[in-house]
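**Q** Below are the C-alpha coordinates for one structure; questions will follow.
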Amino acid sequence: MLKPFGVTPRFIALDNDGVSTMFAALEAHHAAAILAEGVADIMPRSLVARPFSPALPDVVVRIGFPAVRPNSHAENFARLLREEAERLKSAR
(Lines give C-alpha, C1' and ligand atoms only; values in the text may rest on other atoms or scores of the structure.)
Protein backbone atom coordinates (compact mmCIF):
# COMPACT_ATOMS: atom_id res chain seq x y z
CA MET A 1 0.00 0.00 0.00
CA LEU A 2 2.85 2.42 0.79
CA LYS A 3 5.26 1.24 -1.94
CA PRO A 4 4.05 3.77 -4.57
CA PHE A 5 5.08 6.50 -2.12
CA GLY A 6 8.58 5.06 -1.65
CA VAL A 7 7.86 3.97 1.92
CA THR A 8 8.99 0.62 3.29
CA PRO A 9 7.85 0.05 6.88
CA ARG A 10 10.38 -1.37 9.33
CA PHE A 11 8.66 -3.08 12.22
CA ILE A 12 10.59 -2.71 15.46
CA ALA A 13 7.93 -3.86 17.91
CA LEU A 14 4.88 -6.04 17.60
CA ASP A 15 2.61 -5.43 20.56
CA ASN A 16 -0.53 -7.45 21.05
CA ASP A 17 -1.31 -6.50 24.64
CA GLY A 18 -3.60 -3.63 23.72
CA VAL A 19 -3.48 0.01 22.73
CA SER A 20 -1.97 1.24 26.00
CA THR A 21 1.07 -1.00 25.44
CA MET A 22 1.26 0.17 21.85
CA PHE A 23 1.14 3.83 22.90
CA ALA A 24 4.00 3.24 25.36
CA ALA A 25 6.04 1.50 22.64
CA LEU A 26 5.43 4.37 20.19
CA GLU A 27 6.78 6.83 22.73
CA ALA A 28 9.70 4.64 23.79
CA HIS A 29 10.86 3.96 20.22
CA HIS A 30 9.98 7.42 18.85
CA ALA A 31 8.02 5.43 16.30
CA ALA A 32 4.87 5.69 14.22
CA ALA A 33 1.90 3.40 13.71
CA ILE A 34 -0.92 3.14 11.22
CA LEU A 35 -4.06 3.40 13.33
CA ALA A 36 -7.77 2.97 12.84
CA GLU A 37 -9.68 6.24 12.82
CA GLY A 38 -11.29 5.85 16.25
CA VAL A 39 -7.98 5.24 18.05
CA ALA A 40 -7.05 8.91 17.79
CA ASP A 41 -9.84 9.71 20.24
CA ILE A 42 -8.17 7.71 23.02
CA MET A 43 -4.51 8.60 22.39
CA PRO A 44 -2.57 10.21 25.23
CA ARG A 45 -1.70 13.90 24.83
CA SER A 46 1.94 12.98 24.28
CA LEU A 47 1.04 11.46 20.88
CA VAL A 48 -0.53 13.08 17.86
CA ALA A 49 -2.54 11.62 14.95
CA ARG A 50 -2.15 13.03 11.47
CA PRO A 51 -3.91 11.96 8.27
CA PHE A 52 -1.95 10.62 5.32
CA SER A 53 -1.45 13.19 2.62
CA PRO A 54 -2.15 12.45 -0.13
CA ALA A 55 -4.87 10.17 1.15
CA LEU A 56 -4.23 6.46 0.75
CA PRO A 57 -6.56 4.33 -1.37
CA ASP A 58 -9.23 2.23 0.33
CA VAL A 59 -7.89 -0.92 1.96
CA VAL A 60 -9.45 -4.36 2.16
CA VAL A 61 -9.52 -5.78 5.69
CA ARG A 62 -10.69 -9.17 6.84
CA ILE A 63 -11.91 -10.66 10.08
CA GLY A 64 -10.91 -14.18 11.00
CA PHE A 65 -13.01 -16.47 13.15
CA PRO A 66 -13.62 -20.24 13.26
CA ALA A 67 -15.53 -21.76 10.33
CA VAL A 68 -17.11 -24.32 12.64
CA ARG A 69 -19.35 -22.93 15.37
CA PRO A 70 -18.15 -19.31 15.26
CA ASN A 71 -18.92 -17.16 18.27
CA SER A 72 -22.20 -15.30 17.75
CA HIS A 73 -20.60 -12.14 19.17
CA ALA A 74 -17.82 -12.33 16.55
CA GLU A 75 -20.40 -12.73 13.78
CA ASN A 76 -22.36 -9.77 15.13
CA PHE A 77 -19.17 -7.69 15.33
CA ALA A 78 -18.35 -8.54 11.70
CA ARG A 79 -21.88 -7.55 10.65
CA LEU A 80 -21.62 -4.22 12.51
CA LEU A 81 -18.27 -3.46 10.88
CA ARG A 82 -19.68 -4.20 7.43
CA GLU A 83 -22.67 -1.95 8.08
CA GLU A 84 -20.45 0.89 9.30
CA ALA A 85 -18.13 0.54 6.31
CA GLU A 86 -21.12 0.71 3.95
CA ARG A 87 -22.51 3.73 5.82
CA LEU A 88 -19.19 5.58 5.55
CA LYS A 89 -18.83 4.61 1.89
CA SER A 90 -22.27 5.99 1.01
CA ALA A 91 -21.60 9.18 3.03
CA ARG A 92 -18.65 10.05 0.76
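The values are calculated or read from the model by the stated rules, or taken from the named source; none is laboratory data. For clarity, every value in this text was computed on a predicted model and none was experimentally measured. Counting neighbours? That spans all protein chains shown, and the Cβs are built from the backbone with ideal geometry, glycine included. All accessible areas refer to the heavy atoms of the entire protein, side chains included, with ligands and DNA or RNA removed. Shrake-Rupley method; radii C 1.70, N 1.55, O 1.52, S 1.80 Å.
**Q** Stretch Ser53-Phe11 to full length: gain in nm at 0.36 nm per residue minus the Cα-Cα span?
**A** Working it through step by step, the gained length comes to 13.0 nm.
**Q** Let me ask something else. Determine the gain in length on full extension of the stretch Phe65-Ser46; use 0.36 nm per residue of separation and subtract their C-alpha separation, reporting nm with one decimal.
**A** In short, 3.4 nm is gained.
**Q** Taking 0.36 nm per intervening residue step and subtracting the Cα-Cα distance, what contour gain separates Ala91 from Ala33 on full extension?
**A** 18.2 nm
**Q** Sorted by mean Cβ packing within 10 Å, highest first, what order do the peptides 24-36, 53-65 take?
**A** 24-36, 53-65
**Q** For a distance above 21 Å, tell me the whole-number percent of Cα pairs in the chain that qualify.
**A** For the chain, the fraction of Cα-Cα distances above 21 Å is 52 percent.
**Q** Measure off, as a whole percent, the carbon and sulfur share of the 1.4 Å-probe accessible area of region 1-52, all protein chains present.
**A** 56 percent
**Q** Here is a follow-up. Suppose each label sits 7 Å from its Cα in the direction of the beta carbon; what would the Ala74-Lys3 distance come out to in nanometres?
**A** 3.0 nm
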